[in-house]
Protein chains: 2
Amino acid sequence: MKLLIVGGVAGGASAAARARRLSESAEIIVFERGPDVSFANCGLPYYVSGEIAERSKLLVTTPEQLRTRFRLDVRTRTSVEAIDRSAKTVRVRDLASGREYTESYDKLLLAPGAAPVRPPLPGSDLPHIHTLRNLHDIDRIKARADEGIRQVVLLGAGFINLELAENFVRRGIATTLVERNQQILPPFDREMTSPIAEQLTATGVTLILGDSAEGFEATPDGLSVKLASGRQLPAQLVVIGIGVRPENKLAVDAGLSVGPRGGIQVNAHLQTADPDIYAVGDAIEVQDFVSGNTVQVPLAGPANRQGRIAADNIFGRSVTYRGTQGTAILGYFDRTAAITGASEKSLIQAKRPYRKVYIHPAHHAGYYPGAQAMSLKVLFAPDTGKLLGAQGVGGAGVDKRIDVLAVAIQAGLTVFDLEEMELAYSPQFGSAKDPINMAGFVAGGLIRGDHPQIDVESVLNGTAADRPCLIDVRTPKEFSAGHIPGAKNIPVDELRERIGELPRDQQIAVYCQVGQRGYLATRILRQSGFNVANIGGGYKTYRLHVPATS
Amino acid sequence: MKLLIVGGVAGGASAAARARRLSESAEIIVFERGPDVSFANCGLPYYVSGEIAERSKLLVTTPEQLRTRFRLDVRTRTSVEAIDRSAKTVRVRDLASGREYTESYDKLLLAPGAAPVRPPLPGSDLPHIHTLRNLHDIDRIKARADEGIRQVVLLGAGFINLELAENFVRRGIATTLVERNQQILPPFDREMTSPIAEQLTATGVTLILGDSAEGFEATPDGLSVKLASGRQLPAQLVVIGIGVRPENKLAVDAGLSVGPRGGIQVNAHLQTADPDIYAVGDAIEVQDFVSGNTVQVPLAGPANRQGRIAADNIFGRSVTYRGTQGTAILGYFDRTAAITGASEKSLIQAKRPYRKVYIHPAHHAGYYPGAQAMSLKVLFAPDTGKLLGAQGVGGAGVDKRIDVLAVAIQAGLTVFDLEEMELAYSPQFGSAKDPINMAGFVAGGLIRGDHPQIDVESVLNGTAADRPCLIDVRTPKEFSAGHIPGAKNIPVDELRERIGELPRDQQIAVYCQVGQRGYLATRILRQSGFNVANIGGGYKTYRLHVPATS
């Protein structure tokens, strides 16, 4: 068996190591265009500020180590230029010498990754306008930061640019983030990004939403970034992070099919239409595990697993890739935002019925010092309660809850299963009723009809005549510190006595701070015959939709 | 509906609140023998050191709050003395006045909890020998500590006494922990407790295993604790934490059946043999979700859920309790130990076939600063790979992995599902191949036969003649820093060249530091026809079984 692998980072390196473990006798050649293999892509932003201080830490392994330990023939600075499928050969170019040669294969694995999108805007070839993909890129970005620049403009507010923002802030470089959409972190639902947007602002980042770059000009001071709005942003460094495009040229030239967004098409065995050619990682299209839709998900975890699975199939094992769930996480200073499965907007787009709940628990028992707040949003099928997706934002413990929900989605569990989950509790780690259990109770109550809930959007978007009668059941003190416009304050502990103040001919929407008192108020009123629903997650959910700073 | 609830802490309070949400009209009376309802049991130890500074924080709610918000008739310092099942009444005693009266019920819920075992040893009635169950107990323990005592002896090394140990250490009080078994934390397998035992010693705790108290004597300095070994321990305070016994007298006197260890017996609806009497919490027997065995699990999470479920059933909803999984966690300073599902010793006792793997990953990407080490042990069915149990010990991130595995066990997942899990990865939170994925790979490789593994016990326990040929495939530097006695050092990177040094007529056991290089060595040797297995989890697993300090 002679296996050629194009690309030596996440998917390619995983496949190569797996291949060797499966076969000591196979000839395995890894071609990598860059100078490094298997580097820590996800760590690159943290090198800018010195949070990761040693560059060598970013090299997970070296070509030499792969040669010694795995007997891999690793050829860096080497580009595969073309595939001859009938001859089962590739044309290879040594980028240092320019020498070209042909290499034959029994099986070929494509793991070329994806390239950052770089729109052809006026002035985009000026110096100090970068994208970030590899160590070479981060070296250039860091070198520029080391020159003592004062201002950086980051175009696009996805994961990588938010991570870069943290590291520029750490260096004291004035950072402006420009995002075309009306929200940061496009995979998330907008309201769940509010706390991160607030934190960006709190740490001094200038956040510009709904705007985008139209061109760049050289100035005596560096650059000027011209936005569609007409605004001009001075900068000595620009990083474009508006998405990636699969590296599909080799595949397309060889007649292999790609999807509408350019991802190489593969079957469940990660095999292209040519049975001797496999493809993995950021370059391919995959199935979304929840929606069944075809998506491109440039994430390290799936790329690694795909590499392993492709190697298994190449060496005669029939292993299938189950699809991608899109679990992803951002850390911004001490704030965390994480997502798994479907978002609300993706469900709307897919016209798939769903319900949602919000909860705002502490990450561990409130009586133990250091409890941090979080907001969780859980999406599920309206009838069965089957989990469809979840998002969390807050401090410590968000990662844990999203991982728990990721497994629950993988297992096909329902919100009723969340009610029963027996998670590790002592006061430093959780609560006797964990946030996960609470999400289950709130969602279960919704489906069972015990706990009718109304979305903030429905309350806000109706006309004045449509609007339900809004009752704030918190204390007068909480009410006076801020409430939903139009609400009347009747504390839950007085509700039974003051029930005569409520209208019997109009829908009532009650709310409290996080939903619990509102739930009790809903139970009290329903049993007295009122048409009532609780605003799920209460005032805190309202504040996600309508941030106090906006 | 008139519902009487005996006990107002975790299960009782949960049931009462749920009952009110289900019915505004029901008459609900909660009898609590102590002065407080719904206090934070699990927080009590942290009050001793002031880690939880305000006593009021330990009161989750008050009788007054329950009266106002839930219209509950809460009667504290009130004991239910007897049940007349035919008359459907209970005899109640007001402990303050001594007044006795009768209260009738439609439904009765028993949530009396469990009492700490206090063996009748000579001198056990001396002052300053305590158990810990409620606020009154912790007040007395804290008051004694506040008197400036120098020495405390904790009898029993379960969760509560280890938490107390941390808090006595924080106060600078010399702490001795005495445990009858040869390990701390009895629910865990012994080797998984080694890192916590080491941490106890490192923080100055004197740990005495395999010994127990035989009596107490008053001394001018306070107390002397006499151990079975003859050792005498001076102390000014003793806390006995050797287990709890269900409070079953009321049930037994009423002719309700209890199990061999005293737990009140209930069906899946948490109903006793008397259809009008339910029971929940530490006082009852439950099914172990994994083994199906009958167990008593005094944990807050299950008690809370049972309270809710009993109320549902009492109000006509048919809801079943799925059993208890035994998920539990200990924090000791910055160390964590957590468990879910079956332990190895419980599987051995149940004569249930199993296999196990150990891994020793970092809690997040090693290239990002602050990665902390952990050890995970995963138990699974040998044929199907169905997950049976897991234990973790280490620093940050142990709680997350045990929660993920708890959900996986709940969902009936297998080790092959662990391989596929898509968990949240960025370098502050995890790894592209999360510890959970790694556990799946190692276990999957074992079942598939790709990665034969041998347990440390098998290597250590055999006679010299039985023992496999031990090959340490780490570097000479690692080898010289400590290795398994009798091992020969052949670094994995030299293995192919030095393959002639290995015996073809003897079983070979290879090992490295955590198992990964050993796995590659196993693959290399197997493909060359050797009879070889990897010591799962490598030298670190050996060091769990044979701690360096022992």
**Item:** Degrees between helix B:135-146 axis and first principal axis of chain B (Cα, 0 to 90, nearest 10)
**Value:** 70
**Prompt:** So what's the gap between the Cα centers of region B:124-157 and region B:414-441, to the nearest angstrom?
**Reply:** 44
**Message:** Label position 7 Å from Cα toward Cβ: report the copy-to-copy distances for A:Asp106 in nm, one decimal, ordered from shortest.
**Reply:** 7.6
**Fill in**
For chain B, the longest principal axis of the Cα atoms and the Cα long axis of helix B:300-314 enclose an angle in degrees, to the nearest 10, of 50
**Request:** Extending each Cα 7 Å along its Cβ direction at B:Arg261 and B:Gln349, get the distance between those two points in nm, one decimal.
**Result:** 0.6
**Fill in**
Cα-based Rg/(2.2 N^0.38 Å) for the protein assembly as shown, rounded to two decimals, is 1.00
**Message:** Which entries of A:Lys351/A:Lys433; B:Lys57/B:Lys107; B:Lys57/B:Lys142; A:Lys88/B:Lys433; A:Lys377/B:Lys433; B:Lys345/B:Lys540 have Cα-Cα distances beyond 24 Å here?
**Reply:** A:Lys351/A:Lys433; B:Lys57/B:Lys107; A:Lys88/B:Lys433; A:Lys377/B:Lys433
**Message:** Along the Cα→Cβ direction, 7 angstrom out, place labels at B:Asp137 and A:Asn293. What is the inter-label distance in nm?
**Reply:** 5.5
**Asked** Shortest first, in nm, what separates the label point of B:Asn267 from those of the same position in the other copies (7 Å along Cα→Cβ)?
**Response** 5.3
**Complete:** One would report the antiparallel percent of DSSP beta bridges in the protein assembly as shown, rounded to the nearest 5, as 55
**Request:** Normalising by the residue count of region A:453-545, find the relative contact order in percent from Cα pairs under 8 Å and 6+ residues apart.
**Result:** 33
**J(HN,Hα) series, region B:543-548, from Karplus relation 6.51 cos²θ - 1.76 cosθ + 1.60, nearest Hz, glycine and proline x** = 6, 5, 6, 10, x, 4
**Request:** Pull up the DSSP beta bridges for chain B and report the antiparallel fraction as a percent, rounded to 5.
**Result:** 55
**Fill in**
CD proxy, 222 nm, chain A: helix-only mean residue ellipticity via -39,500 (n - 2.57) per DSSP H run with n ≥ 4, per residue, nearest 500, stands at -8000 deg cm²/dmol
**Message:** Counting only other residues whose beta carbon sits under 10 Å from that of A:Ala487, what net charge do I get with K and R as +1, D and E as -1?
**Reply:** +1
**Message:** Using a label point 7 Å beyond Cα on the Cα-Cβ vector, give me the inter-copy distances for A:Lys477 in nanometres, one decimal, shortest first.
**Reply:** 6.0
**Prompt:** Which ³J(HN,Hα) values in Hz, rounded to whole numbers, follow from the phi angles of region B:387-400 under the Karplus curve 6.51 cos²θ - 1.76 cosθ + 1.60, where θ = phi - 60° and Gly and Pro get x?
**Reply:** 6, 10, x, 7, 9, x, 9, x, x, 4, x, 5, 4, 5
**Asked** What is the helix-to-structure angle for B:10-22, meaning the angle in degrees between its Cα long axis and the longest Cα principal axis of chain B, kept from 0 to 90 and rounded to the nearest 10?
**Response** 70
**Fill in**
A correct fewest-to-most ranking of A:Ser318, B:Ser375, A:Ser528 by other Cβ atoms within 10 Å would be A:Ser318, A:Ser528, B:Ser375
**Prompt:** With r defined as the distance between the Cβ atoms of B:Asp253 and B:Ser124 and R0 fixed at 22 Å, what FRET efficiency is calculated, to the nearest 0.05?
**Reply:** 0.25
**Prompt:** With labels modelled as points extended 7 Å from the Cα through the Cβ direction, what inter-label distance (nm, one decimal) is found for B:Ser25 paired with A:Ala373?
**Reply:** 4.0
**Item:** Rounded to 5, the percent of DSSP beta bridges in region B:129-242 classed as antiparallel
**Value:** 40
**Extension gain from B:Arg231 to B:Thr206, taking 0.36 nm per residue of separation minus the Cα-Cα distance** = 7.7 nm
**Asked** Counting Lys +1, Arg +1, Asp -1, Glu -1, what net charge surrounds A:His136 among other residues with beta carbon under 12 Å of its beta carbon?
**Response** +3
**Message:** Let me confirm one metric for peptide B:44-51, namely the mean number of other chain beta-carbon atoms within 10 Å of its residues' beta-carbons.
**Reply:** 2
**Asked** Would you list B:Phe429, B:Phe380 from fewest to most Cβ contacts within 10 Å?
**Response** B:Phe429, B:Phe380
**Prompt:** So how do B:Thr541, B:Thr294 line up by other beta-carbon neighbours within 10 Å, fewest first?
**Reply:** B:Thr294, B:Thr541
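Read-outs: derived from the displayed coordinates by stated rules, not from any lab. Given the structure is predicted, the values throughout are model-derived calculations rather than measurements. Backbone-built Cβ (ideal geometry, glycine too); neighbour counts: all protein chains shown.
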